[in-house]
1. For every other residue with a beta carbon closer than 12 angstrom to the beta carbon of Gly403, add +1 if it is Lys or Arg and -1 if Asp or Glu, then tell me the sum.
2. For the cross-link pairs Lys369/Lys478; Lys72/Lys435; Lys435/Lys477; Lys78/Lys303; Lys72/Lys150; Lys150/Lys249, which exceed 23 Å when the distance is taken from alpha carbon to alpha carbon?
3. Among Leu235, Val198, Tyr184, pick out the residue whose Cα is farthest towards the positive end of the charge dipole of the range 181-285, where Lys and Arg carry +1 and Asp and Glu carry -1 on C-beta, about the Cα centre.
4. Could you compute the net charge surrounding Ile360? Neighbours are other residues with a C-beta less than 12 Å from the C-beta of Ile360; K and R count +1, D and E count -1.
5. From Cα pairs below 8 angstrom and at least 6 apart in sequence, can you work out the relative contact order of the chain, rounded to a whole percent?
6. Provide the convex hull volume over Cα atoms per residue for the range 330-430, in Å³.
7. Can you order the peptides 151-157, 235-241 by their average number of other Cβ atoms within 10 Å per residue, highest first?
8. What does the net charge come to around Tyr439 if you take all other residues with beta carbon closer than 15 Å to its beta carbon, with K and R at +1 and D and E at -1?
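Every number in this text was worked out from the coordinates using simple rules, so none of it is lab data. This structure is a prediction, so every number in the text was calculated from the model and none was measured. Note that each Cβ is placed from the backbone with ideal geometry, even for glycine, and that neighbours are counted across all protein chains shown.
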Amino acid sequence: MSVFKKLFQQTFIYGLATVLPRALAIVLVPLYTSVMEPASFGIYATLMSYIILGNVLLSYGMETAFFRFINKHADQKKTVEATVLTSLTLTALLFLVVTLLFREQIASTIEFKVEYVTYALLILVLDALVVLPFAWFRANERPMRYAAIKILNVCINLGCNLFFFLLLPILVTENSDSFWNAVYTEENKVVYVFISNVIASGITLLLLLPLYFKIGFSFNKKLWKQMLKYAFPVLVAGIAFSINEAFDKIMLKYLLPENIAETEVGVYAACYKLGVFMTLFATAFRLGIEPFFFNHAKEDNAKTTYATITKYFSIFGSVILLVVIVYIDVFKEILIADSEYWVALSIVPIILLANLCLGIYHNLSVWYKVTDMTRFGAYISIVGAFLTLVLNYVLIPSMSYMGSAIATLAAYSTMMLLSYFFGRKYYPVPYDLKKIGGYLLLSVGFSAIAFYGFDSNLIIGTVLLLVFLLLVFLSEKKDLKRIINK
């Protein structure tokens, strides 16, 4: 059980690095919704969706290739590190030069101000330049350094946002002739969001520059080609995944009437944030589990270990689903300041379930990563992307953001099922389907009763939550005692 102990220790630290910064970042949601109208929030959400796609393109699967090759070619570890660092740095800088030259054309094509596009390009490149350093921390089991810098990044981002949205207006009001008038705008407040991101990302890169010198720049062409071949399916899968994750906001903007599009995107994106708890859990778990999967792939009991991990992921995810649904009226008051945004709360149960399916999919995806069959990850993600695009295109005109939520659930649940069935053929893992399926169905059923049947009644919802926890405890107490004792 020492394997589980190490896993949970690292998952806790990576979870802290993910959950705590994003928990601080959650403060920005009520801040944004209190100072920006839904239309402005919609601009922010849509452009951030483009940034998600850009992040995938600029890392082009090399992070996953890095993890695979430093384990597969342990004797060439330094060469792998330097080659990946050189590749990512050169492509990021080349991208910056080319896109800045054509930023006006880009802005015209996607219908955003040139100013917004310029900041987005800077954010993309700064983020690409820290991909390898953060991956290096994870691969070398330096979770504390990883966590500290991640947390600092979001603290700086948070501090900048608080300054621009809360302190700056006061400074301008107290002295109308001060320097601060030159940077203050009343009508274009969304620009402060992007400026804050640039500042935080820039400082993060400065903190990681010593690692650049530690790793050094060199380039092994033969090794790079091998990594690129491994990474290409991951890139395709990443593009498809970014479509699943972000294109709902983009398609809402372009498929709805112009007079309501940005407002609809704004309320949808704000309520989507209530699914952040599931996303935080799944992301933290994935960050801890990915290196673990590779490091223990050759162990005799690897498959049994993977099955146990997936079962407990499903249990914790089911609990999170139920907790958020039961106490949704509490969370909406805390996270979404303006009741004007609450019209889209109906999407929250669907988005939570979708993200739970996505988290399970990531656990199931171990089979194609440890067997070097990453092309299946691309195939599965392409199917998900296809569903996302088609269902959004069909449903948005008649159902608006509810159509986007349904499309997200359909895509992620299909990806989860496909990964399981392909994995059963090529790398069979003895998952406890009876228990996993039972927990999922029970939590979904209880959530539906609480949200739809009793209109989020806190007493009824709390009783259902306690019943679920009791049933889990009774079913798992023997295994839990064995894990704790050992």
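1. On the way: positive: none; negative: Asp248, Glu264.
With Lys, Arg at +1 and Asp, Glu at -1, the neighbours total -2.
2. Checking Cα-Cα distances, Lys369/Lys478; Lys72/Lys435; Lys78/Lys303; Lys72/Lys150; Lys150/Lys249 exceed 23 Å.
3. Farthest towards the positive pole: Leu235.
4. Values: positive: Arg286, Lys311; negative: none.
In short, +2.
5. RCO, the chain: 23 percent.
6. Numbers: hull volume 11.3 nm³, N = 101.
Per-residue hull volume (Cα only) is 112 Å³.
7. 235-241, 151-157
8. +1
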